[in-house]
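Novice: The following block contains the structure, expressed as structure tokens.
Every read-out reported here was derived from the displayed coordinates using simple, explicitly stated rules and does not represent laboratory data. All values derive from a computational prediction rather than experimental measurement. Cβ: placed from backbone, ideal geometry, glycine included. Neighbour counts: every protein chain shown.
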Amino acid sequence: MTARVLKTEEYRITDEPYYAAQGEEIVLFEAAYQNRLPVLLKGPTGCGKTRFMEHMAWRLKRPLITVSCHDDLTASDLVGRYLITAGETVWVDGPMARAVRAGAILYLDEIVEARKDTTVVIHPLADDRRVLPMEKTGELLEASPEFCLAISYNPGYQSVLKDLKQSTRQRFVALEFNYPKPELEQKIIERESGINATVAAKLVKFAGMTRNLKGQGLDEGASTRLLVHAGKLIAAGITPQSACRGAIAEALTDDSEMLAAVNELSASLF
């Protein structure tokens, strides 16, 4: 019986990911990293949390291992499992064990989507112990000083069943994210999509209109990510109205009346 440890070099980010800071999040993350404190990112979908993590991994020169959490995510998916390969039983590290061994940044995206019994395995890594018990192998992995645990979730989707327990969240330094201010969001869209300032400004105004509909027919307004998608379509020659319909309206809702309302908003601007 052997163990197979997967390499992490493929998770290194060599080129600087563009990220426009909204406040002190970069300084706070660096301070938390230096003090070996885990970090919680909270904010609406598409507001830049994942891009922020990519930027920080590049800035700190550490591999970034990202796990998109979901209902079927098990503890074995995170820690590792035995597999039979060519007639031999082999232990294969999961992303969590891989990150601990390599001193990487482990980013668990949308942590509340994971099963409750799965999230418990992060607790020993998220407090002063900074260890990962490997029950199936009998190992106790101690995290190196370079290892960092980060998780994220969207408070807007909180429910009784999908909320972050106090026993989990109080282990973390929390950074709150939101959509950028209009001037900054416009610059981000211009840079990321290649459209001109006039069109980008209209997209930002359109986004503001949809965000005002949150809770009045829409679960979420247009995210910065969706605005960039629309901008890229416009830059590729698609008309602004068609781009807003395909990249934003259809992505926000399936309700025919809300679709008509959102499309009317974009028509009023373009």
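Novice: Given a cut-off of 28 Å, what percent of all Cα-Cα pairs of the chain lie beyond it?
Specialist: Within the chain, distances greater than 28 Å cover 44 percent of Cα pairs.
Novice: Let me ask another. How many nm separate the modelled label positions at Leu140 and Arg191, each set 7 Å beyond the Cα in the direction of the Cβ?
Specialist: With each label placed 7 Å out from Cα toward Cβ, I get 4.6 nm.
Novice: Given the pairs Lys116/Lys165; Lys42/Lys187; Lys136/Lys165; Lys61/Lys165, which span a C-alpha to C-alpha distance of over 20 angstrom in this model?
Specialist: Result: Lys42/Lys187; Lys136/Lys165; Lys61/Lys165 exceed 20 Å.
Novice: Can you name the helices of the chain, as whole DSSP H runs, whose Cα span along the helix axis is 15 Å or more and whose Kyte-Doolittle mean is not below 0.5?
Specialist: Helices meeting the span and hydropathy rule in the chain are 197-211, 224-235, 256-269.
Novice: Quick query: amide H of Cys148 versus all other amide H atoms, modeled in the peptide plane; which residues come in under 5 Å with a sequence gap of 5 or more or a different chain?
Specialist: The list, which skips near neighbours in sequence, is Ala104, Ile105, Leu106.
Novice: Let me ask you something else. By how many nm would the segment from Gln216 to Lys116 grow when fully extended, if each residue of separation counts as 0.36 nm and the alpha-carbon distance is taken off?
Specialist: 32.9 nm
Novice: Would you kindly derive the ³J(HN,Hα) couplings of segment 119-133 from the backbone phi angles with the Karplus curve 6.51 cos²θ - 1.76 cosθ + 1.60 (θ = phi - 60°), listing them in order in whole Hz, with x for Gly and Pro?
Specialist: Per residue, the Karplus-derived 3J(HN,Hα) values read 5, 4, 5, 7, 4, x, 7, 9, 10, 4, 5, 6, 10, 10, x Hz.
Novice: In addition: Between Ala235 and Val173, what is the spin-label point distance in nm, taking each point 7 Å from the Cα along the Cα→C-beta axis?
Specialist: Here the modelled spin labels are 3.4 nm apart.
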